[in-house]
Amino acid sequence: MEDMAFYFGTPETITPYLEVSRINKIMKIFVKAKPLAKESKVEKIDDTHFVVSVKEPPRQGKANIAIARLLAAHFDVAPSCVRLVSGFAYKEKTFEIFNS
């Protein structure tokens with residue numbers, strides 16, 4: 001029997017993992033967050049490093065949500081395609097951008 005560890009779904013609707021990863025094309029970016037800024041903006045440092053300023057306070061995840069939405073608009077993807085990987089409570093954050 002085939003190894004099911006590399007597949008998603010039920011046996012009736014099996015999608016190979018490699019096919020899914022080609023569709024999504026993950027990009028990892030590193031962000032320096034600046035909450036409570038006067039204006040919301042994204043500044044590109046290089047291909048993978050950004051400085052993101054948001055007006056929201058760094059309380060109860062409000063700044064993280066605002067940063068994710070701003071990054072989604074910057075990369076022209078849906079907000080659901082932006083995921084915070086690390087740095088939930090720090091200014092240095094790592095995000096993954098899915099292009100689907």
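The values are calculated or read from the model by the stated rules, or taken from the named source; none is laboratory data. This is a predicted model, so every value here is computed, not measured. Neighbour counts are summed over all protein chains in view; Cβ atoms, including those assigned to glycine, are modelled from backbone coordinates with ideal geometry.
Observations on the model:
- Taking the range 43-100 as the range and being in a loop (DSSP other than H, G, I, E, B), aliphatic (A, V, I, L, M) and either touching a residue at least 60 places away in the same chain (Cβ under 8 Å) or in contact with a helix residue (DSSP H, G or I) (Cβ under 8 Å, 6 or more places away or on another chain) (or both) as the test, the residues that pass are V54, A78.
- Subset of the range 43-74 (residues that are surrounded by 17 or more Cβ atoms within 10 Å (Cβ to Cβ) and of a type in the set (V, I, T)): V52, V54, I67
- Test: residue in the range 40-50 that is under 12 Å from I97 (Cβ atoms), modelled with pLDDT of 95 or more and of a type in the set (F, W, Y): yes
Okay, residues lined up against (1) within 19 Å of F88 (Cα to Cα); (2) under 15 Å from the mean Cα position of the chain (by Cα):
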residue: I26; (1), (2): no, yes
residue: P35; (1), (2): yes, no
residue: E39; (1), (2): no, no
residue: V42; (1), (2): yes, yes
residue: D46; (1), (2): no, no
residue: F50; (1), (2): yes, yes
residue: V54; (1), (2): yes, no
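Residue by residue, here is whether (1) in contact with an Asp or Glu (Cβ under 6 Å, 6 or more places away or on another chain); (2) within 18 Å of K32 (Cβ to Cβ); (3) not hydrophobic (A, V, I, L, M, F, W, C) holds:
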site	(1), (2), (3)
F50	no, yes, no
G61	no, yes, yes
F95	no, yes, no
N99	no, no, yes
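- Pick from the range 59-70, criterion at pLDDT 95 or above and under 13 Å from G87 (Cβ atoms), ranking: nearest to the chain's Cα centre (by Cα): A68
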